[in-house]
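Following: one structure in structure tokens, then a few remarks.
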């Protein structure tokens, strides 16, 4: 019963949110319904956009960009984090870059990315990558630095190369930190891609939101917001599922 309740929790929370939204709009608590249409109006507009294929097309475009940005950030952040966590030379070279890039507002770099990479997909992927790579690298570096030396010494004494030690000993030991950083990085990739599409794009969910705003189609605006929120929720859920599969030994995953 408790497992059923915990799994139904997100659905119950969503139902409460939609109910509160409907009541607030129907009673005029939020002002003019034009500013914030009710859930019914947004759902009808989503149906129209789905029927003319614009919503599925924008969803596929944004999803592809997010997955590309996240995959690149995961690979680069993992390699950089392992190097920082296990090598003093790499730590001295990379820590200032990560320390500067992690808190910096990445959107400030977007005009330069557009000049370098153009108005198409590459600049949006680059912004999503920039939002995602630094938390992943920082998390992996912290986790890798805490791997007991006896594990690496044992592997080296049996003839393992430095790269084998890094990827067969250090990386599995740092997996909890990597997955925690990956979860933050995933959200960063979604934010970066969506904001990039808002600033300059002709497709994607971010462009659909700006188009709705410019055309005074507020229902379409909120369709885009809901769609990217659902996309983030689904991708985060898949990442959590992968975490449970990879870390069945962890106490929080022991119950399955």
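The values are calculated or read from the model by the stated rules, or taken from the named source; none is laboratory data. Nothing here was measured: the structure is a model prediction, and the numbers come from that model. Neighbour counts are summed over all protein chains in view; Cβ atoms, including those assigned to glycine, are modelled from backbone coordinates with ideal geometry.
General observations
- The conditions of being closer than 21 Å to residue 206 by Cβ, within 18 Å of the chain's Cα centre (by Cα) and either without any contact (Cβ under 8 Å) to a residue 24 or more places away in the chain or not in a helix (DSSP H, G or I) (or both) are not met by residue 112.
- Scope region 180-206; condition surrounded by fewer than 22 Cβ atoms within 10 Å (Cβ to Cβ) and assigned to a helix (DSSP H, G or I); matching residues: 180, 183, 184, 187, 191, 195, 198, 199
- Which listed residue, of 74, 82, is farther than 26 Å from residue 232 by Cβ, touching a residue at least 24 places away in the same chain (Cβ under 8 Å) and under 28 Å from the mean Cα position of the chain (by Cα): 82
- Some residue of region 133-146 being at pLDDT below 90, surrounded by 16 or more Cβ atoms within 10 Å (Cβ to Cβ), over 20 Å from the mean Cα position of the chain (by Cα) and not in a helix (DSSP H, G or I): no
- Test for residue 170: is it crowded, with 18+ Cβ neighbours inside 10 Å and farther than 30 Å from residue 49 by Cα: yes
- Residue satisfying all of: in region 75-98; out of contact with any helix residue (DSSP H, G or I) (no Cβ under 8 Å at 6 or more places or on another chain) and over 19 Å from residue 126 (Cα atoms); modelled with the lowest pLDDT among these: 87
- Which numbered condition residue 126 misses (of (1) more than 20 Å from residue 239 (Cβ to Cβ); (2) part of a helix (DSSP H, G or I); (3) modelled with pLDDT under 90; (4) within 19 Å of the chain's Cα centre (by Cα)): (3)
- Selection of region 170-214 for residues being over 30 Å from residue 84 (Cβ atoms) and under 18 Å from the mean Cα position of the chain (by Cα) yields 197, 198, 204, 205, 206.
- Flag for residue 171 being at pLDDT below 90 and over 28 Å from residue 77 (Cβ atoms): no
- Criterion violated by residue 35 - all others in (1) closer than 25 Å to residue 207 by Cβ; (2) surrounded by 14 or more Cβ atoms within 10 Å (Cβ to Cβ) satisfied: (2)
- Filter result for residue 112 (closer than 13 Å to residue 192 by Cα and either in contact with a helix residue (DSSP H, G or I) (Cβ under 7 Å, 6 or more places away or on another chain) or modelled with pLDDT of 90 or more (or both)): no
- Selection within region 30-74 - in contact with a helix residue (DSSP H, G or I) (Cβ under 8 Å, 6 or more places away or on another chain) and modelled with pLDDT under 85: 30, 33, 34, 35, 36
- Residue within region 147-154 that is surrounded by 23 or more Cβ atoms within 10 Å (Cβ to Cβ), touching a residue at least 60 places away in the same chain (Cβ under 8 Å) and touching a helix residue (DSSP H, G or I) at 6+ places or on another chain (Cβ under 6 Å) present: no
- Qualifying residue in region 224-232 (condition: surrounded by fewer than 13 Cβ atoms within 10 Å (Cβ to Cβ), farther than 18 Å from residue 131 by Cα and free of Cβ contacts under 8 Å to residues at least 12 places away in the same chain): yes
- Residue identified as surrounded by fewer than 23 Cβ atoms within 10 Å (Cβ to Cβ), without any contact (Cβ under 8 Å) to a residue 40 or more places away in the chain and either at positive phi or not in a helix (DSSP H, G or I) (or both) among 160, 164, 211: 160
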